[in-house]
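Colleague: One structure is given below, represented as structure tokens, and several questions about it will come after.
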Amino acid sequence: MTKEFPDGTLAVDDFSLTLPSHRTTVLVGSSGSGKTTLLRMINRMVDPTSGTIEIDGVSVASLEPVKLRRSIGYVMQNSGLLPHRTVVDNVATVPLLRGVPRRKARADALDLLDTVGLDRSIADRYPSQLSGGQQQRVGVARGLAVDPNILLMDEPFGAVDPIVRAEPAAGAHPAAARTRQDRRLRDPRHRRGLLARRPDRHPA
Ligand SMILES: Nc1ncnc2c1ncn2[C@@H]1O[C@H](COP(=O)(O)OP(=O)(O)O)[C@@H](O)[C@H]1O
Ligand SMILES: [Mg+2]
């Protein structure tokens with residue numbers, strides 16, 4: 001597929017890829033290479049200029065965007081938390097929209113905080129009262145909350161210190177495996193963030 005934005009920026013140029021089921025696939029590329037645009041085309045936050053995206057043989061263009069988005073877990077690059085909602089309400093947002101009773105949605109959200117290595121004591125805080133790394137973990141918990149077949153993750157651990165990065169990643173995997181089997185985890189996190197913390201090795 002190809003995506004050209006209205007201002008003429010060619011973000012994705014004739015890209016084609018088949019992603020296997022039951023696998024974690026990682027997209028690696030420098031800043032501006034089109035990773036976020038690619039992910040956003042999968043859940044129709046961005047529509048391609050040309051080309052098609054199919055999930056199990058069904059073109060996403062034929063699916064209703066809101067329904068599609070509520071069925072795919074999406075962890076945004078900047079956590080994308082709703083600032084006026086508490087941590088637990090952020091995690092429970094989509095289950096509540098899908099009609100899960102409030103008490104269950106809240107209990108499930110608290111379980112997910114455990115999964116991503118967050119203390120339950122932060123459940124009633126607002127995103128601005130968290131560190132960047134904690135916000136990102138809440139974002140991962142929110143992505144897992146819809147129990148999705150497909151989980152898209154856009155540099156979800158970029159703000160988490162490299163030393164503890166393995167921890168939420170490890171947390172995400174059992175949660176992913178715990179549920180339905182046909183699940184794809186995509187994390188386009190690239191090495192640049194790691195290297196950028198070490199200017200001696202990455203002078204640019
Ligand atoms: N809404 C937009 N309008 C115009 N250009 C955009 C828009 N969104 C992204 N771009 C451009 O598309 C290219 C790819 O961006 P992006 O997919 O965010 O890259 P990455 O996630 O790999 O850093 C970049 O040149 C970026 O500036
Ligand atoms: Mg990006």
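Quick note: the coordinates plus some simple rules give every number you see, no bench work behind them. Note that the coordinates shown come from a computational prediction; the quantities given were computed from them, not determined experimentally. In this analysis, Cβ positions are derived from the backbone assuming ideal geometry, glycine residues included, and neighbour counts consider all displayed protein chains.
Colleague: Filter the stretch 25-74 for residues that are part of a strand (DSSP E or B) and in contact with a strand residue (DSSP E or B) (Cβ under 9 Å, 6 or more places away or on another chain) and give the result.
Modeller: Thr25, Ser50, Ile55, Ile72, Gly73, Tyr74
Colleague: For the structure I just gave you, tell me whether Thr9 is of a type in the set (Ser, Thr, Tyr) and touching a residue at least 12 places away in the same chain (Cβ under 8 Å).
Modeller: Spelling it out, it is not the case that Thr9 is of a type in the set (Ser, Thr, Tyr) and touching a residue at least 12 places away in the same chain (Cβ under 8 Å).
Colleague: State whether one or more residues within the stretch 16-24 are surrounded by 10 or more Cβ atoms within 10 Å (Cβ to Cβ), of a type in the set (A, V, I, L, M, F, W, C), without any contact (Cβ under 8 Å) to a residue 60 or more places away in the chain and in a loop (DSSP other than H, G, I, E, B).
Modeller: Taking every residue of the stretch 16-24 in turn, none turns out to be surrounded by 10 or more Cβ atoms within 10 Å (Cβ to Cβ), of a type in the set (A, V, I, L, M, F, W, C), without any contact (Cβ under 8 Å) to a residue 60 or more places away in the chain and in a loop (DSSP other than H, G, I, E, B).
Colleague: Restricting attention to the stretch 26-44, report how many residues are among the basic types (Lys, Arg) and more than 8 Å from ligand 1 (Cβ to nearest atom).
Modeller: Looking only at that region, the number is 1.
Colleague: I'd like the full set of residues that are away from ligand 2 (no atom under 13 Å from the Cβ), of a type in the set (A, V, I, L, M) and surrounded by 13 or more Cβ atoms within 10 Å (Cβ to Cβ), limited to the stretch 42-58.
Modeller: Answer for the stretch 42-58, where residues must be away from ligand 2 (no atom under 13 Å from the Cβ), of a type in the set (A, V, I, L, M) and surrounded by 13 or more Cβ atoms within 10 Å (Cβ to Cβ): Ile42, Ile53, Ile55.
Colleague: Going through Ser50, Ser59, Ser31 one at a time, which residue ends up being closer than 23 Å to Leu10 by Cβ and touching a residue at least 60 places away in the same chain (Cβ under 8 Å)? If you could, list the steps in order and put the result at the bottom.
Modeller: Values: Ser50 fails: touching a residue at least 60 places away in the same chain (Cβ under 8 Å); Ser59 fails: touching a residue at least 60 places away in the same chain (Cβ under 8 Å).
Testing whether each residue is closer than 23 Å to Leu10 by Cβ and touching a residue at least 60 places away in the same chain (Cβ under 8 Å) leaves just Ser31.
Colleague: May I pose another question? Which residues, counting only those in the stretch 65-103, are surrounded by 13 or more Cβ atoms within 10 Å (Cβ to Cβ) and without any contact (Cβ under 8 Å) to a residue 24 or more places away in the chain?
Modeller: Listed by number, the residues that qualify are Pro65, Asn78, Asp89, Leu96, Val100.
Colleague: Let me ask another. Against the condition among the polar types (S, T, N, Q), farther than 18 Å from Leu152 by Cα, loosely packed, with under 13 Cβ neighbours inside 10 Å and more than 16 Å from ligand 2 (Cβ to nearest atom), how does Ser62 come out, does it pass?
Modeller: yes
Colleague: Of the numbered conditions (1) within 27 Å of Val116 (Cα to Cα); (2) in a loop (DSSP other than H, G, I, E, B); (3) away from ligand 2 (no atom under 13 Å from the Cβ), Gln77 satisfies every one except a single condition; which is it?
Modeller: (3)
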